[in-house]
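Note sheet for the following structure.
The values are calculated or read from the model by the stated rules, or taken from the named source; none is laboratory data. Since we're looking at a predicted model, the values are computed, not measured. Virtual Cβ from ideal backbone geometry, glycine too; neighbours counted across all protein chains shown. Heavy atoms of the whole protein, side chains included, go into the accessibility calculation; ligands, DNA and RNA do not. Shrake-Rupley method; radii C 1.70, N 1.55, O 1.52, S 1.80 Å.
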Amino acid sequence: MFRFSVSLLAFASLFATTGCSDSKSSSPTDAVTTPTNGPAAGTADHAGGHTYACPMHPEVTSTRDGEKCPKCGMNLEHSDRVANGKTYEMKFAARPAQLTAGQPATLAFTPREAGNAAAPVPLAVVHEKKIHLIIVSKDLSQFYHEHPEYTAEGDYKVQYTFPKGGDYVLFQDYTPTGAGHQLGRQPLTVRGAAYAPVKFKNDDMQWEQDGYQATLSFNKALTPGQLLGMKITISKNGQPVTDLANYLGALGHVVVISEDTEQYLHVHPNDQADKGPAIGFNTNFEKPGLYRVFLQFNHAGQIHTGNFTINVAGPTA
């Protein structure tokens, strides 16, 4: 599970908003560079012995075997790899510079080392891809998952057509080689007939589409600061689905985004021997509020995307 919070993204949001605000006069060379948040402070240094790291949170390390990650509960695995101490930023540019609904565009992303833009930043393959691009509408009613590919120009590009005009947020989930997970974030506005914003309010733990049904559940009350077991159970036409296929190396992927789009969690399943109908995850929430949960799973040769709404309660008086 990868978490990125508002305090580390606020500066990125400022730059991205500024870059989009003058889009009417933008030239094709305009670009937005957003600082990205890296591993948490306090990563343990290699002290001469073995190190162990969380597969989902590389910034969580220990020199002792048998410990668990305090963020997701996974066992720390033998790593002998430590974060390189560098910070990164993501340069974003669109062609055409002014995005318009219904018109194909090229979205280009260039990871850079902060303060050393000329240095190459090779990316590690994580869940079969080097960059996971998450595109959501600002109201969180729309969710898209893309994978920009490396080009001869040294950046990562993907062709994309926004279905409707309005406000969107782009997230780039990536890992520079030898470093921890990073997140780029850019809000932007797309011209054209705008989508009708949806206001989510109540919990919605059920999803249904194309004959599939999915139910979201937790093993504890949804309150911040505690490790939670999360389970999603999938059926089709009322029958349990027991033959899920992997999607990007896992039985299912979950992205959780807060209502203000400033809290981001990328959650992957726990190890399990079966192929459904239930997929187990571990997660936790740092702050109360409304969140949208987006599930992707692979069945019968197709990728399906479900969505849920949850409310994380604040501390009681």
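Of all the criteria given as (1) at pLDDT 95 or above; (2) within 30 Å of P240 (Cβ to Cβ), the one not satisfied by T261 is (2). Consider segment 209-245. How many of its residues are surrounded by 14 or more Cβ atoms within 10 Å (Cβ to Cβ) and in a loop (DSSP other than H, G, I, E, B)? Result for segment 209-245: 6. Taking the criterion of being in contact (Cβ under 8 Å) with a residue 60 or more places away in the chain, open to solvent by 10 Å² or more (accessible area, probe 1.4 Å) and not in a strand (DSSP E or B), the residues of segment 269-317 that qualify are N270, N284, E286, K287, P288, A313, G314, P315. In segment 200-229, the residues that are without any contact (Cβ under 8 Å) to a residue 12 or more places away in the chain reach residues that are among the aliphatic types (A, V, I, L, M) and surrounded by 15 or more Cβ atoms within 10 Å (Cβ to Cβ) with C-beta atoms within less than 7 angstrom, at least six apart or across chains, in these pairs: K220/L228. Every condition in (1) exposed (fewer than 14 other Cβ atoms within 10 Å of the Cβ); (2) under 20 Å from the mean Cα position of the chain (by Cα); (3) closer than 18 Å to V136 by Cβ; (4) not hydrophobic (A, V, I, L, M, F, W, C) is met by G184 except one, and the failing one is (1).
Could you say whether any residue in segment 63-71 is of a type in the set (D, E, K, R), modelled with pLDDT under 95 and within 20 Å of the chain's Cα centre (by Cα)? Looking through segment 63-71, at least one residue is of a type in the set (D, E, K, R), modelled with pLDDT under 95 and within 20 Å of the chain's Cα centre (by Cα). When restricted to residues that are part of a strand (DSSP E or B) and either open to solvent by less than 20 Å² (accessible area, probe 1.4 Å) or at pLDDT below 95 (or both), segment 147-159 contains 2.
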